[in-house]
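Structure first, then comments.
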Amino acid sequence: MGWLWAIIVGFVLGLIAKAILPGKQHSPLWLTTIFGIIGGVVGNSIARAIGIAETKGIDWGRHGLQIAAAVVIVALGDMCYMALRGNRQRA
């Protein structure tokens, strides 16, 4: 059940990150989901490192870090995807 939850959360984080980023992102939905999963893991790691991984009630700080990490990873991942895709089309 943990993997299914990670995929669902990654999907949502990836979509939120795509909505926050200006312009059009060209990465496919499956890749955006992977970027969202990675963003969630990175955000959780940062939250754990600074001591806000688990609090009473809703973990707003942790969720904010997850979204911020997902935005950065989706942006960087989309740039890499377009660079690789552009190189394949030229060959």
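Observations on the model:
- Using alpha-carbon coordinates, inclination of helix 2-20 to the longest axis of the chain, degrees: 60
- Computed from phi, the 3J(HN,Hα) profile of region 42-50 under the Karplus parametrisation 6.51, -1.76, 1.60 (θ = phi - 60°) reads 5, x, 5, 5, 5, 4, 5, 5, 9 Hz, with x in place of Gly and Pro.
- Exposed trypsin sites (Lys or Arg not before Pro) absent: longest stretch of the chain, with sites in DSSP loops and at most 14 other Cβ within 10 Å deemed exposed: 57-91
- Among Gly23, Gly39, Gly14: highest mean-square fluctuation, GNM of the chain, C-alpha pairs under 10 Å: Gly23
- Scalar couplings 3J(HN,Hα) for region 24-32, obtained by applying the Karplus form with A = 6.51, B = -1.76, C = 1.60 to θ = phi - 60°, are 9, 9, 9, 6, x, 4, 5, 6, 4 Hz; x denotes Gly and Pro.
- Å² per residue, accessible surface of region 20-91 at 1.4 Å: 66
The values are calculated or read from the model by the stated rules, or taken from the named source; none is laboratory data. Worth saying up front: this structure is predicted, and the values here are computed from it rather than measured. In this analysis, Cβ positions are derived from the backbone assuming ideal geometry, glycine residues included, and neighbour counts consider all displayed protein chains. Protein only, heavy atoms only, side chains kept; ligands, DNA and RNA dropped before computing areas. Shrake-Rupley method; radii C 1.70, N 1.55, O 1.52, S 1.80 Å.
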